[in-house]
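*Asks:* I have a structure here, written as structure tokens, and I will follow up with some questions on it.
The values are calculated or read from the model by the stated rules, or taken from the named source; none is laboratory data. Given the structure is predicted, the values throughout are model-derived calculations rather than measurements. FYI the Cβ positions are ideal-geometry reconstructions off the backbone, even for glycines, and counts take in every protein chain you see. With ligands, DNA and RNA removed, areas are computed over all heavy atoms of the protein, side chains included. Shrake-Rupley method; radii C 1.70, N 1.55, O 1.52, S 1.80 Å.
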Amino acid sequence: MSVGIVHFLFLGGFLFAAGAFAVARQRSYLGAVAGLPLLLAGAGLDLVAVSRFATARSDQLAGQGFAVLLALMVFAFVAVGAALNRLETPR
Amino acid sequence: MDTLHSGIFYAFAAVTVAGGLLAALAAGRPRALGLALVAAGLAALYADLDAGFAALVTLVALGLSALVLLRAGAGRTATALEPGTLVNQLGASLAGVVFLVLAYIAFRGAYFAGYHAGGSFNTAALGRLLVDRDALAVEAVAAALLTGAAAAVLFARVRAR
């Protein structure tokens, strides 16, 4: 079966929903922070897939650029969340 | 896409799904391992989509995030999954609804190749959009985000005392 944009969008939607589930389900900082990379990874995968399949050849770098930005934002969010978790945890 | 690309997609999609489930449902070290699996699977999928630089950045950024989570969660028990309140449960159920909506959109959407009506969409155009035409809105959003981040840090410090 040939793989097309729908397959990537479905996988991206799953990652986004799994991240939203993790953020909403758990009360601890670390639990919520672990969901943020999944949320943004799903969005990034959709951006790259749409730029690969559904845009003109010259516009493909726009989606990839946003995916790179999202990946860097993920690391910043996780670092800040881990620091907040450290502050919140009683010694 | 040919058979090779299809095989690569299904293999690494399985890795990504397994990692996503582990990261969303587990706690402690398995959660960091799940995030590392998502990083590996996603990087391979990006590479399969001819996005090599995005694959590299994603692998490094998500891999480092998994390491940070592993270090932050060190010393905690792996069974520390906290069920949360009714609002948390409601939010988790809404996440399932979000997945259904996204899956419906993915299957029913019509996608075509074409140029953006507003012209070329590149880094220079984005810069003009953010610091020229919509500068006031960008400043407002940045101020709101900065205020929220500062409030979160202050809140955490007060709770830590």
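*Asks:* Out of all the residues in the stretch B:94-117, which are open to solvent by 80 Å² or more (accessible area, probe 1.4 Å) and at pLDDT below 70?
*Replies:* Filtering the stretch B:94-117 down to residues open to solvent by 80 Å² or more (accessible area, probe 1.4 Å) leaves B:94, B:100, B:104-105, B:107-108, B:110-112, B:115-117.
Once the filter is applied, which keeps residues that are open to solvent by 80 Å² or more (accessible area, probe 1.4 Å) and at pLDDT below 70, the stretch B:94-117 yields B:Ala110, B:Tyr111, B:Phe112, B:Tyr115, B:His116, B:Ala117.
*Asks:* Looking at (1) under 26 Å from B:Leu70 (Cα atoms); (2) out of contact with any Leu (no Cβ under 9 Å at 6 or more places or on another chain), which one does B:Ala23 not meet, given that it meets all the others?
*Replies:* Against the list (1) under 26 Å from B:Leu70 (Cα atoms); (2) out of contact with any Leu (no Cβ under 9 Å at 6 or more places or on another chain), B:Ala23 comes up short only on (2).
*Asks:* With A:Val78, A:Val6 as the choices, which residue is within 20 Å of B:Ala24 (Cα to Cα), of a type outside the set (Gly, Ala, Ser) and part of a helix (DSSP H, G or I)? Steps first, answer last, please.
*Replies:* Working: A:Val6 fails: within 20 Å of B:Ala24 (Cα to Cα).
Going through A:Val78, A:Val6 in turn, the sole match is A:Val78.
*Asks:* So, one more: Could you list, in sequence order, all residues of the stretch A:66-91 that are within 7 Å of chain B (Cβ to nearest Cβ) and modelled with pLDDT of 80 or more?
*Replies:* Listed by number, the residues that qualify are A:Ala67, A:Val68, A:Ala71, A:Leu72, A:Val74, A:Phe75, A:Val78, A:Ala79, A:Ala82.
*Asks:* Select from the stretch A:12-47 the residues that are outside any helix (DSSP H, G or I) and without any contact (Cβ under 8 Å) to a residue 12 or more places away in the chain and write down the one among them that is surrounded by the most Cβ atoms within 10 Å (Cβ to Cβ).
*Replies:* Taking the stretch A:12-47 as the starting set, the residues that turn out to be outside any helix (DSSP H, G or I) are A:26-28.
Imposing the further condition that a residue be without any contact (Cβ under 8 Å) to a residue 12 or more places away in the chain reduces the set to A:26-27.
Numbers: A:Gln26: 25, A:Arg27: 13.
Top of the filtered list is A:Gln26.
*Asks:* Consider B:Leu21 carefully, then state whether it is open to solvent by 50 Å² or more (accessible area, probe 1.4 Å) and farther than 21 Å from A:Ala83 by Cα. First the steps, then the outcome.
*Replies:* Details: open to solvent by 50 Å² or more (accessible area, probe 1.4 Å): yes; farther than 21 Å from A:Ala83 by Cα: yes.
Yes; evaluated as a whole, the condition is true for this residue.
*Asks:* Sticking with this structure for a sec: Collect the residues in the stretch B:1-24 that are facing chain A (nearest Cβ under 8 Å) and under 17 Å from the mean Cα position of the chain (by Cα), keeping them in residue-number order.
*Replies:* Residues satisfying the conditions are B:Ala13, B:Thr16, B:Val17, B:Gly20, B:Leu21, B:Ala23, B:Ala24.
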